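Participant: One structure, pasted below without further comment.
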Amino acid sequence: MPAILIICNDEPFRGELRQAVAPANTTVSSVPNTREILMQRSARQVSGYDLIVAEVESRDHDGLSRLILFRNLYPNTPFIAITREEPASGQAFSSAAARALKAWLVPTHTGGLEELTKVAGLALQGEEPTLASSSNR
């Protein structure tokens with residue numbers, strides 16, 4: 001049974017993310033921040049997850065530092081970075097960072113989470129982000 005970790009400090013949005021990425025027979029855990037998951041004593045921590053979905057902006061890490069942290073600690077765990085910012089406000093930089101760190105960047109500013117559902121399915125099937133775009137496959 002696949003296990004997914006969601007990191008997002010906005011509780012209502014975290015619930016929406018949970019619904020978008022939770023296919024049948026999937027365990028989904030969610031935490032409000034990076035610190036909470038890294039402080040867990042269990043063996044699961046981050047290494048026990050088949051997919052990490054995290055909002056790029058948060059109170060405890062900016063998007064790039066969170067991507068670097070998880071990629072350094074867990075280089076083989078698929079990672080989806082979620083952004084709610086408008087395309088003109090730094091998305092090109094975030095997208096380049098996501099590609100460099102072998103992560104998907106999924107913008108959700110358009111109001112729907114269909115792209116996230118699609119990308120989560122690809123990640124759980126072992127697909128990797130393309131170099132041309134982190135969210136378009």
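Each reported figure results from applying straightforward, stated rules to the coordinates on display, with no laboratory input. Note that the structure is a prediction, hence the values are computed from the model and not measured. Neighbour counts run over all protein chains shown; Cβ positions are idealised from the backbone, glycine included.
Participant: If each residue's Cβ is checked for other Cβ atoms within 10 Å, how do E115, E128, E11 rank with the fewest at the top? Please list the in-between numbers first.
Facilitator: Working: E115 19, E128 12, E11 9.
With the fewest neighbours first, E115, E128, E11 line up as E11, E128, E115.
Participant: Provide the per-residue ³J(HN,Hα) series for the stretch 76-82, in order, calculated from phi with Karplus coefficients 6.51, -1.76, 1.60 and θ = phi - 60°, each as a whole number of Hz, with x at glycine and proline positions.
Facilitator: Along the stretch 76-82, the couplings run 9, 7, x, 9, 10, 9, 9 Hz.
Participant: Then there is this: For a Förster distance of 35 Å, can you work out the FRET efficiency between the beta-carbons of A100 and E11, rounded to the nearest 0.05?
Facilitator: 0.70
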